[in-house]
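Student: Next up is a structure, given as structure tokens.
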Amino acid sequence: MEILIQQFVNALSLGGTYALLALGLAMVFSVLGLINFAHGDLMTLTGYAMFFAIGAGLGMPLAVVLGIACATLAAVAMERVAFRPVRDANTATMLLTSLAVSTILHMLFQNLISARPRAIPVPSWMIGAVDVGGLAIGVIQLMSITATALLLIALSIFLRRSTLGIAMRAAALDFPVTRLMGINANAVVATAFGLSGLLAGVAGVLWLAQRGSVDPLMGFLPVLKAFIAVVLGGLGSLAGAVVGGFVLAFIEVFLRAFLPDGWLPFRESITLTLVIVLLLVRPEGLIGQRENVR
Amino acid sequence: MNNGPEHLLDVAGLEVRYGAIEAIRGAGLEVCKGEIVALLGANGAGKSSFLNAIMGLVPLTSGRVLLDGEDIAGEAPEAIVRRGMTLCPEGRRVFANLTVRENLAIGGATRRRAGDAATILTGMLDRFPVLAERHDQMAGTLSGGEQQMLAIARAMMSAPRIVLLDEPSLGLAPRIVDTIFEMIAALQHHGATILLVEQNVDLALDIADRGYVLASGRVALAGPASELLASGDVERAYMGRD
Ligand SMILES: Nc1ncnc2c1ncn2[C@@H]1O[C@H](COP(=O)(O)OP(=O)(O)OP(=O)(O)O)[C@@H](O)[C@H]1O
Ligand SMILES: [Mg+2]
């Protein structure tokens with residue numbers, strides 16, 4: 001029983017990170033129809049910003065804030081410089097643009113910093129576990145679950161209550177008509193990118209807290225997972241991206257925990273097979289609506 | 001070039017092209033404050049292209065678009081809405097996965113002061129009581145007629161100086177169409193200025209003050225609604241496609 005709850009907490013924590021990343025991907029996709037390959041590099045950027053901030057003796061809290069701010073600003077800058085000029089071009093052009101942005105960032109990280117991992121020491125108080133109703137729960141897991149929950153709640157309030165939030169949901173459904181409401185197209189797209197950057201930044205911090213180091217390709221694997229989560233949840237659905245992130249993490253964590261040792265090398269393949277089976281049963285995704293499939 | 005304050009909207013020499021297709025070939029019209037002007041024409045005559053071009057939704061090749069004397073040709077749709085002209089698009093295009101309330105809220109997004117939007121909203125819900133009943137329902141679950149009312153109310157939420165309506169009768173049962181047209185006439189009584197695109201010639205000319213007939217991207221006929229209705233020229237202009 002105890003191990004079950006332990007794994008449950010692990011899955012929630014990992015799922016939160018996937019969910020934040022997937023939500024960022026889905027936000028940009030829903031507004032622009034673009035899968036942003038450079039999304040993972042925003043995470044990596046957070047890592048390097050934290051690395052340098054700590055190196056400069058700024059301390060962990062400030063490093064976290066700076067790391068997240070960097071990812072947010074970089075996402076907005078990316079939209080302004082790279083994606084806005086090709087916004088009206090076809091999907092393939094935008095995809096190639098995002099690949100180019102991603103490649104350029106990799107090169108910069110490798111050549112200006114290093115191809116080797118850089119350590120980001122996790123403060124000692126974060127390493128331990130706390131007692132929650134008789135169960136030892138890792139401080140990092142607890143913080144990561146709390147941060148994810150707070151961020152998801154804040155975002156859902158923003159999307160439901162604020163004019164800009166409603167406009168973003170409207171733009172996902174019908175961009176030209178959203179402009180007919182007097183909503184500035186650039187503001188909607190910039191907000192989508194800014195929020196995706198913020199989410200990638202927070203996910204980056206959570207990821208780093210688990211791994212303790214940053215390297216040029218840090219963002220690749222988690223964003224690949226996030227992409228699977230987006231498709232699993234239903235491409236274009238924000239709620240779907242979040243659900244997809246958690247479902248994927250639960251599959252991964254429980255396979256890792258309960259698969260016989262001999263099977264462990266195949267756990268990624270088994271995970272993907274399960275995802276494919278889910279998609280065969282529900283091609284529109286877990287949450288996506290059939291008519292929303294583009 | 002001063003056209004006087006009486007022309008709220010003044011379009012001249014409008015040309016719209018989609019690649020090799022010339023959809024609008026030098027069309028123009030005027031709408032005075034407080035008028036309903038009908039823009040008629042057969043399928044593919046270019047009515048939607050005309051509206052979309054003056055709203056900035058599709059690029060115009062050339063032409064003059066004066067809103068209250070200021071040239072707005074080529075501006076972005078959101079800028080034009082903020083200047084006081086809005087479009088209720090063909091096919092209603094309500095935000096299906098947003099509630100009626102949210103659809104109306106975003107329609108009033110340009111009313112900066114919350115008080116303004118609330119006053120306008122109260123007015124709209126009085127005029128379209130069915131929307132008040134369906135306030136928390138997803139717009140996509142409304143009937144076609146209700147969706148059309150929502151689309152019109154949503155457009156009116158920006159308190160426009162002039163509203164362009166693109167085929168509000170499209171795909172609706174005759175009884176519903178009558179209701180919608182009564183509502184459009186009522187909007188005029190409350191001071192709205194309307195450019196109404198329609199295929200339903202008789203109904204449109206019945207509530208309009210003046211009318212234009214578009215054929216193959218040109219104005220083939222123009223005049224007071226009563227004269228157009230009586231003359232039978234409209235049908236001839238409809239046929240006269242080249
Ligand atoms: N996006 C587009 N790309 C290419 N051609 C277009 C486009 N939109 C319209 N057209 C063409 O331009 C011409 C005018 O179309 P438009 O939709 O403006 O006519 P309409 O009068 O509104 O017709 P309807 O009554 O059917 O709505 C048609 O020949 C149409 O095929
Ligand atoms: Mg049309």
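What follows draws every value from the coordinates through simple rules; no lab data is involved. All values derive from a computational prediction rather than experimental measurement. Note that we place each Cβ from the backbone using ideal geometry, even for glycine, and neighbour counts take in every protein chain shown.
Student: When you look at the Cβ of every residue in B:104-110, what mean number of other chain Cβ atoms sits within 10 Å?
Tutor: Per residue, the number of nearby Cβ atoms from other chains is 6 on average.
Student: What's the center-to-center distance, using Cα atoms, between the range B:1-76 and the range B:100-143 in Å?
Tutor: If you average the Cα positions of each part, the centres end up 29 Å apart.
Student: For the range B:16-165, report the convex hull volume of the alpha-carbon atoms normalised per residue, in Å³, without decimals.
Tutor: It comes to 128 Å³ per residue, whole-number rounded.
Student: Using Cα pairs under 8 angstrom and six or more residues apart, how large is the relative contact order of chain A, in percent?
Tutor: It rounds to 35 percent for chain A.
Student: Same structure, new question: With contacts defined as alpha carbon pairs under 8 Å and 6 or more residues apart, what's the relative contact order of chain B in percent?
Tutor: Rounded, it is 26 percent for chain B.
Student: Still on this structure, I have one more. Please work out whether the range A:2-293 counts as rounded, prolate or oblate from its C-alpha gyration tensor, where a ≥ b ≥ c are the square roots of the eigenvalues and a/c under 1.5 means rounded, while otherwise a/b larger than b/c means prolate and anything else oblate?
Tutor: Cα axes put the range A:2-293 in the oblate bin.
Student: Which net charge results when you count Lys and Arg as +1 and Asp and Glu as -1 among the other residues whose beta-carbon is under 14 Å from that of B:Thr99?
Tutor: In short, +2.
Student: For the protein assembly as shown, report the convex hull volume of the alpha-carbon atoms normalised per residue, in Å³, without decimals.
Tutor: 192
Student: Considering the dipole of the protein assembly as shown built from charges on the beta carbon (Lys and Arg +1, Asp and Glu -1) around the Cα centre, which of B:Thr193, A:Ser30, B:Ala42 is farthest to its positive end?
Tutor: Going by the charge dipole, the pick is A:Ser30.
Student: Give me the tail of P(r) for the range B:75-138 as a percent: Cα-Cα pairs with distance above 16 Å.
Tutor: 54
Student: Which value, in debye to the nearest 20, gives the size of the charge dipole of the range A:2-293 about its Cα centre, when Lys and Arg are +1 and Asp and Glu are -1 at the Cβ?
Tutor: Once rounded to the nearest 20, the dipole reads 440 debye.
Student: In debye, nearest 20: dipole of the range B:100-167 around its Cα centre with unit charges on the Cβ of K, R (+) and D, E (-)?
Tutor: Once rounded to the nearest 20, the dipole reads 340 debye.
Student: To the nearest 20 Debye, how big is the dipole of the protein assembly as shown about its Cα centre, given +1 on the beta carbon of each Lys and Arg and -1 on that of each Asp and Glu?
Tutor: In total the dipole reaches around 1440 debye.
Student: Turning to a different aspect of this structure: P(r) for the range B:3-103: what percent of alpha-carbon pairs falls in each 10 Å bin, starting at zero?
Tutor: 14, 44, 31, 11, 0
Student: Amide H to amide H, which residues 5 or more places from B:Ala38 or on other chains are under 5 Å from it, using H placed in the peptide plane?
Tutor: Hits under the 5 Å cutoff: B:Leu196, B:Asp209, B:Arg210, B:Gly211, B:Tyr212.
Student: When Lys and Arg each count +1 and Asp and Glu each count -1, what net charge do the other residues less than 9 Å away from B:Leu67, Cβ to Cβ, add up to?
Tutor: -2
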